[in-house]
Amino acid sequence: MASPNWLCCQLGAREHYAIPRSLHQAGQLSQLITDAWVSPTSLLNQLPSQALSSLRDRFHPDLVSASVQSFTANLLAFELWQRYRKTDDWERMIDRNHWFQQRAIDHLDRLTPQQLGDAPTLFTYSYAALDLLRYAKKRGWR
């Protein structure tokens, strides 16, 4: 069997990580790159704050053995900055999409050829996908 070469970039926990879960189950997920990942043992789960309740959903037990890269601490700083700036919901969503894509691209740039495997396939979707798809196309990825 070929080494796993699917990279999934996913902003949020859409469909409870259905695509990365399926790829991982099939042994094809190289890495899930997401904005936030909060394992059950995370200190964030110990905080009583309701403000972080949506982050507690950013985990799935089917991916416990998967390679997951997240930017949780950076996301918290981003969200605090957006609230300080009092951005409206639409502006915050656009800024978050750009923020995520840049973090994901920076991470992809640091992956070694061994981590990428032969002919990597990038799966991403939503409004936070255009820059990532351009990045993959420029490198000849699927």
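Tell me, yes or no, whether the range 4-20 has at least one residue that is part of a loop (DSSP other than H, G, I, E, B), touching a Gly at 6+ places or on another chain (Cβ under 8 Å), open to solvent by less than 80 Å² (accessible area, probe 1.4 Å) and under 24 Å from Ala136 (Cα atoms).
Taking the range 4-20 and keeping what is part of a loop (DSSP other than H, G, I, E, B), we get 4-5, 11-13.
Among the residues that remain, those that are also touching a Gly at 6+ places or on another chain (Cβ under 8 Å) are: 4-5.
Filter once more, so that each one left must be open to solvent by less than 80 Å² (accessible area, probe 1.4 Å): 4-5.
Still in the running and under 24 Å from Ala136 (Cα atoms): 4-5.
Yes; the residues of the range 4-20 include at least one that is part of a loop (DSSP other than H, G, I, E, B), touching a Gly at 6+ places or on another chain (Cβ under 8 Å), open to solvent by less than 80 Å² (accessible area, probe 1.4 Å) and under 24 Å from Ala136 (Cα atoms).
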All conditions in (1) assigned to a helix (DSSP H, G or I); (2) among the small types (Gly, Ala, Ser); (3) under 21 Å from Ala13 (Cα atoms) are true of Ser126 except (1)
Only one residue in Leu44, Leu75, Leu80, Leu133 is hydrophobic (A, V, I, L, M, F, W, C), touching a strand residue (DSSP E or B) at 6+ places or on another chain (Cβ under 8 Å) and either outside any loop (DSSP other than H, G, I, E, B) or open to solvent by 60 Å² or more (accessible area, probe 1.4 Å) (or both), so which one is that? Leu133
I'm checking my understanding of the structure. Among residues of the range 104-117 that are part of a helix (DSSP H, G or I), of a type outside the set (Asp, Glu) and farther than 20 Å from Leu76 by Cβ, which one is least open to solvent (accessible area, probe 1.4 Å)? Leu108
Looking only at the range 118-130, how many residues end up being of a type outside the set (A, V, I, L, M, F, W, C) and open to solvent by 20 Å² or more (accessible area, probe 1.4 Å)? 4
Is it true that Arg92 is of a type outside the set (A, V, I, L, M, F, W, C), in contact with a Lys or Arg (Cβ under 9 Å, 6 or more places away or on another chain), modelled with pLDDT under 90 and open to solvent by 80 Å² or more (accessible area, probe 1.4 Å)? no
Among the residues of the range 91-104, are any in contact with a strand residue (DSSP E or B) (Cβ under 8 Å, 6 or more places away or on another chain), free of Cβ contacts under 8 Å to residues at least 60 places away in the same chain, over 20 Å from Lys137 (Cα atoms) and among the β-branched types (Val, Ile, Thr)? no
Looking at the range 90-103, is at least one residue under 14 Å from the mean Cα position of the chain (by Cα) and part of a loop (DSSP other than H, G, I, E, B)? no
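The values are calculated or read from the model by the stated rules, or taken from the named source; none is laboratory data. Source: prediction; values computed, not measured. Don't worry about glycine lacking a Cβ; one is built from the backbone with ideal geometry, like all the others, and counts go over all protein chains shown. Just so you know, the surface numbers come from the protein's heavy atoms only, side chains and all, with ligands and any DNA or RNA stripped out. Shrake-Rupley method; radii C 1.70, N 1.55, O 1.52, S 1.80 Å.
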